[in-house]
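The values are calculated or read from the model by the stated rules, or taken from the named source; none is laboratory data. Computed from a prediction, not measured in an experiment: that's the story for all the values here. Virtual Cβ from ideal backbone geometry, glycine too; neighbours counted across all protein chains shown.
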Amino acid sequence: MKKTIKYVTGLVIAGTLLTACSQKQEPQSLEAMLKDSKQQEKVLTMMAENHDLSSKYVNKMMENDHATGMMVDKLVKAASEDSVLAGKLSDMITKFPELMLLTTHHFMPIINENANMSDGFCDHAMEHSNIAEGMCEKMQDNKEMSCCAK
């Protein structure tokens, strides 16, 4: 009898284990998983450290107006506080002349309204003789601004 009870008990335990293991486990939804801050951190770290994932994420963000605005805001604010990042941003703008021209065009009204910025802009432009000469020639061609002497 003891042998039969052990045998039946063994079969019940084995059957229970097999049944439990064979049942389909419901995967946790991505949204539910990302509610956990530790899981968020793991995902973000993995994306930041993996070049392909980072590229895909940046491309996805560039397709979204809100995300693009957030990136630009964050980048500009960070660059205003970090000279190394500001230098990198400046280098990138310099690589794309159309962007440089567009940027300058949008900043001119701001420079115009602030005397200190206007002085700084003029001083900076005058440090580069080719820019100063080009500006002077343009002003001489314009009768309203012909203030430079050759």
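Within the stretch 92-134, restricting attention to residues that are loosely packed, with under 12 Cβ neighbours inside 10 Å, of a type in the set (Asp, Glu) and over 22 Å from residue 72 (Cα atoms), which residue is modelled with the highest pLDDT? Once the filter is applied, the top-ranked residue is 113.
Of all residues in the stretch 63-84, those satisfying the criterion of being under 19 Å from residue 99 (Cβ atoms) and aliphatic (A, V, I, L, M) are 71, 72, 75, 76, 78, 79. Summed over the stretch 139-150, residues that are surrounded by 12 or more Cβ atoms within 10 Å (Cβ to Cβ) and either modelled with pLDDT of 80 or more or part of a helix (DSSP H, G or I) (or both) total 3.
Report, by residue number, each residue of the stretch 77-91 that is loosely packed, with under 12 Cβ neighbours inside 10 Å and either among the aliphatic types (A, V, I, L, M) or touching a Phe, Trp or Tyr at 6+ places or on another chain (Cβ under 6 Å) (or both). The answer is 84, and nothing else. Taking the stretch 1-57 and the helices (runs of 4 or more DSSP H) fully enclosed by it, the elements with 2 or more residues that are at pLDDT 85 or above and surrounded by 10 or more Cβ atoms within 10 Å (Cβ to Cβ) are at 37-49.
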